[in-house]
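Visitor: I have a structure here, written as C-alpha cells, and I will follow up with some questions on it.
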C-alpha cells in the first residue's frame, strides 16, 4: 500500500466518482478506516473491470448477431422471402434460434456453432452424470458406514446398560463381600498378633517342644503304632495260656511275653501321660 496521504487522496477521488455530484459523507481518518476503504476501492475497481469486459463481450456478440441477422436477411431477400413475409411460425422459429444462440453463448448462429454448442452441452451433461454417479457411490458408502456406526453404537449402548444393570444388582453383594473381607482381614491380623504373642509366651516360659502341636501329633502316631504292635502280642500270649502248665519251655516263653507286654504297656502309659501334660 502507498503512503497514507497518497492513499487518502486516491480514496477521496474514488468516493467522489462513486457519489457523482453528491457530497461525500464525512468519515474518520484513521488507519482502520483507510484500510477498509482502500480494500473496498480495489474490490470495486476489479468488479468494474470485470463488468467492462463483460459489456465489451456482449457488445461484440451483439455486433456479430446483428451481422448474422443482416446476412440471413440478405439471404431471405435473395430468395424473395423477406422477414416481413415470414409466417408467424417462421418468425417464432427465428426467435427461438436466436434465444438458443444467446443461451448457449454461440459465436454466431451458424449450424456449426449450434452443433459445437450442443456437443459441449452433451460433454458437460456426461461429466455431470458421472460426477452425480460418483457422489451417489460416496453417499451410499457413507450411508452404509453410518448404519454400521449406528449398529455399533446401539450394541455398545445395550452392553453399557447391561453392565449398569449388573452393577446395580451386584453392588449390595459386592459391598457385603467388601465388609466381610475387611472383617476377615482384621481377624487374620488379630490371629497373627495372638500367634506372635503366644510364641513369645512359650519362649519366655521355656516350654518343652514336646508339648507343641506337631510333637503331640507325632507322639499320637507313635502311640498308635505301639498299639498296633501290642495287639498281635496279646493274641500270641492268649495262645500260650492254652498250653499245658507243666511244660517248662512254655512257661519261660510266657514269662518273656509278659515282660514284653509290661514294657509296652509302660511305654504306652508314659506317652499318654506326655499327651496330657
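The values are calculated or read from the model by the stated rules, or taken from the named source; none is laboratory data. This is a predicted model, so every value here is computed, not measured. Every residue, glycine among them, receives a Cβ derived from its backbone with ideal geometry; neighbour counts consider all protein chains shown.
Visitor: Please verify whether residue 65 is more than 30 Å from residue 107 (Cβ to Cβ) and surrounded by 12 or more Cβ atoms within 10 Å (Cβ to Cβ), treating the condition exactly as stated.
Guide: no
Visitor: Give the residues of the range 13-32 that are within 19 Å of residue 45 (Cα to Cα) and in contact with a helix residue (DSSP H, G or I) (Cβ under 9 Å, 6 or more places away or on another chain), sorted by residue number.
Guide: Across the range 13-32, the qualifying residues are 14, 15, 18, 24.
Visitor: Which condition number does residue 171 fail, the rest of (1) at pLDDT below 85; (2) closer than 30 Å to residue 99 by Cβ being met?
Guide: (2)
Visitor: Could I ask something else about it? Could you grab the pairs with beta carbons closer than 8 Å, sequence gap of 6+ or different chains, first residue in the range 21-46 and not assigned by TED's automatic domain parsing to the domain that holds residue 8 and surrounded by 12 or more Cβ atoms within 10 Å (Cβ to Cβ), second one modelled with pLDDT of 85 or more and not in a loop (DSSP other than H, G, I, E, B)?
Guide: That search, which allows pairs on different chains as well, returns nothing.
Visitor: On to the next question. Taking the stated definitions as given, is residue 237 assigned to a helix (DSSP H, G or I), surrounded by 11 or more Cβ atoms within 10 Å (Cβ to Cβ) and modelled with pLDDT under 70?
Guide: Yes: the conditions hold for residue 237.
Visitor: Can you tell me which residue is modelled with the highest pLDDT among those in the range 242-251 that are in a helix (DSSP H, G or I) and surrounded by 10 or more Cβ atoms within 10 Å (Cβ to Cβ)?
Guide: 251
Visitor: Still on this model: Looking at (1) assigned by TED's automatic domain parsing to the domain that holds residue 67; (2) touching a helix residue (DSSP H, G or I) at 6+ places or on another chain (Cβ under 7 Å), which one does residue 100 not meet, given that it meets all the others?
Guide: (2)
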